[in-house]
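Colleague: Below you will find the structure I want to go over with you.
The values are calculated or read from the model by the stated rules, or taken from the named source; none is laboratory data. Not measured: the values here are computed from a predicted model. Methodologically, a virtual Cβ is constructed for each residue, glycine included, from the backbone with ideal geometry; neighbour enumeration extends over all protein chains shown.
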Amino acid sequence: MRISKENTAALFIDMQERLIPAMDGGAEAVQRSVVLLEGLKVMDIPMVFLRQYPKGLGDTVPELKAAMGDHVPYDKLAYSAMGDETIRAEFMRLKEQGIRNILVCGVESHVCVLQTCIDLVAEGFAPLLVADAAASRNPYDKQIALRRAQQEHVLLTTVESALFELCVVAGTDEFKAISKLVR
């Protein structure tokens, strides 16, 4: 399955101030998420941002928040994004617009990210877990989450792979902007 600009959106899960410092590779996941976000903005890909219980876990990390621009994150309590009716409705709206592929990144890989991916599959989406833009406190939890995700028919990708697949060809203004981001 190929991803294209016409049928792809992205989901950024719980990249929050009190969570990221506790993650193994959290800073790297944030950095890769910012690169992904900036690349997706170049291509006008729809994006959804989430925060888990911000009163306790804080706001979106400053690096990602700055890159988000006017996007406002949805707040949730359910681990899976699809467990919140407002967020689920947003995804159903995207589905009506022909969106099938969802690039998913965030924390924690084995909790909110995995559960959301499983539920997206159940709703007829094709989630692609962006492995280098996801993290867990324990690296073994992330490793098992990636394996489980594959067993649940979730594809794995990386930031650079996804961005260049969405570009399709070299030589365009989009390609040039993406090339600068990934260097």
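Colleague: Only residues that are free of Cβ contacts under 8 Å to residues at least 60 places away in the same chain, surrounded by 18 or more Cβ atoms within 10 Å (Cβ to Cβ) and part of a loop (DSSP other than H, G, I, E, B): list them for region 42-72, please.
Modeller: Val61
Colleague: Here's another thing I want to ask about it. Take the conditions at positive phi and buried (at least 16 other Cβ atoms within 10 Å of the Cβ) and apply them to Gly106. Does it pass?
Modeller: yes
Colleague: Kindly establish whether Gly98 is touching a residue at least 60 places away in the same chain (Cβ under 8 Å) and more than 14 Å from the chain's Cα centre (by Cα). Can you show your working first?
Modeller: Working: touching a residue at least 60 places away in the same chain (Cβ under 8 Å): yes; more than 14 Å from the chain's Cα centre (by Cα): yes.
Considered against the rule, which asks whether it is touching a residue at least 60 places away in the same chain (Cβ under 8 Å) and more than 14 Å from the chain's Cα centre (by Cα), Gly98 comes out as yes.
Colleague: Give me a count of the residues in region 127-155 that are free of Cβ contacts under 8 Å to residues at least 12 places away in the same chain and either closer than 13 Å to Met23 by Cα or among the polar types (S, T, N, Q) (or both). So that I can check it myself, show each step before the final result.
Modeller: Within region 127-155, the first condition is being free of Cβ contacts under 8 Å to residues at least 12 places away in the same chain, and the residues that meet it are 140, 143, 147, 150-151.
Of the ones still in play, those that are also either closer than 13 Å to Met23 by Cα or among the polar types (S, T, N, Q) (or both) are 140, 143, 150-151.
Looking only at that region, the number is 4.
Colleague: Exactly one of these conditions fails for Ala170: (1) under 20 Å from Leu36 (Cβ atoms); (2) modelled with pLDDT of 95 or more; (3) not basic (Lys, Arg); (4) not in a helix (DSSP H, G or I). Give me its number.
Modeller: All conditions pass for Ala170, except number (2).
Colleague: Sticking with this structure for a sec: Can you pull out the residues in region 73-103 that are more than 20 Å from Gly124 (Cβ to Cβ) and surrounded by fewer than 13 Cβ atoms within 10 Å (Cβ to Cβ)?
Modeller: Correct list: Leu77 only.
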